[in-house]
Amino acid sequence: MKTKVAILEQDENYIRRLMNSFQTMYADKLELNIFSSLNQLYEGLKEENFDVILADEKIDVDRERIPRGIGLAYLCESVSVEEIRGIPAVCKYQRADLIYKQILGLREELMEDRKFKTEGAISKTVLFLSAQGGAGTSSAAAAFALRQSKDGRKVFYLNLECMGTADLYFQDEGNMNFSEVIYNLKMKRSNFLLKLESLMKTDKSGVDFFSSCSDANDMQELKDEEIARLLEGVSQMRAYDYLIIDISGDYNKRINYLMSELASQIVYVCDGSETGFIKLKRFCDVVKREEENSGQAILRKAVILYNRCENTVLQLPESVRLPQAGSISEKSEGETRKLIEMMSNEEAIKHL
């Protein structure tokens, strides 16, 4: 996925040279958006979800008007300057590859705030969701977990759907289930991590998971802050590369919390149909309003994954400006495990 960079700079010669260098070296890694005035930038922020903003040091950017989750740095003329007005500085007159590395550094610093540290490592939290019923969100999330495990990465899969069941995709012996996890979260016992370890299961593929609740009503009792504490606890037990959260349904406070506070990446699953696009557009409209109210950049973390879709080139509604991760073709009905095995080999899943 490309890093989206907004550059606020009035020196046309400098911009021309910088763009030529970046297009030659990083055309597949950077998407550049050029602005010549503050008002243009502020208006652009209403339409686009940038990762990083680079602004000329002579222009005083109001940090309060930059949504949380977007990196900001000033372009200056001296390589020895580290900060300007409390904001990181980037020397504009240095090699393009060094500027590129600083851009990535600005992005990663902010992304790390939404990752859980695990024994010195960093876990990336990937949230799979959809506002469209029947798009195959859980199948896609399970296939992604399986793919990452096949590639040698340590993966934890968490199904947070009220009626969902992780046991459809992953199996292990034992009667332990997520209802017991919720109970122990609420009890706040000192031996919580030991109990969590005893309740966790491991599929033959290597994917770790919790079996579904014995009573679906127990999911209604789970609070948002308890989900965060659960993921922190899971992270402390093992050095996971990926924490994968699977949830779908209508937009609600929980989904907003997961997107804004916990997710490093959001994968929105859509089937590419007219109905699917209508629901995707409505979903994006709601999230954009939330971004305006909260000052958070949520959609910049999102990509669209097409599932059960034969058409690999789809025209999104104009108001939806999300990167497209690829398309998974329709699979014939059959055993669930075989289905996700096939999906895990799709290019769209491999390159998420």
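Overview of values
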read-out	value
The chain: angle of helix 96-112 to the longest principal axis, Cα-based, in degrees nearest 10	40
Label-point gap, in nm, between GLN315 and ALA27 - each point 7 angstrom along Cα→Cβ	2.5
Relative contact order computed over the chain (Cα-Cα under 8 Å; 6+ residues apart), in percent	19
Candidate residues VAL79, VAL287: accessible-area rank, largest first, probe 1.4 Å	VAL79, VAL287
Nitroxide proxy distance, nm - points 7 Å out along Cα→Cβ at LYS204 and ARG68	4.5
Dipole magnitude (debye, nearest 20) for the chain, charges at Cβ of Lys, Arg, Asp, Glu	360
Residue-span extension gain [GLN94 to GLU274] - 0.36 nm each, minus C-alpha spacing	60.0 nm
Under 15 Å from the Cα of LYS288 - aspartates and glutamates, other chains or at least 8 residues apart	GLU43, GLU47, GLU48, GLU318
Estimated inter-spin distance, LEU168 and ASP151, nm [label 7 Å along Cα→Cβ]	2.5
Per residue value of the accessible surface for the chain (all protein chains in place, 1.4 Å probe), Å²	47
10 Å binning of all Cα-Cα separations within the chain, expressed as whole percents from 0 upward	5, 23, 30, 24, 13, 5, 0
Over 22 Å (Cα to Cα) - which of LYS154/LYS201; LYS2/LYS350; LYS150/LYS338; LYS195/LYS253; LYS29/LYS101 fall in this group	LYS195/LYS253
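The values are calculated or read from the model by the stated rules, or taken from the named source; none is laboratory data. Only a predicted model underlies this, so the values are computations on that prediction, with no experimental measurement involved. FYI the Cβ positions are ideal-geometry reconstructions off the backbone, even for glycines, and counts take in every protein chain you see. These accessible areas exclude ligands, DNA and RNA; they are computed on the full protein's heavy atoms, side chains included. Shrake-Rupley method; radii C 1.70, N 1.55, O 1.52, S 1.80 Å.
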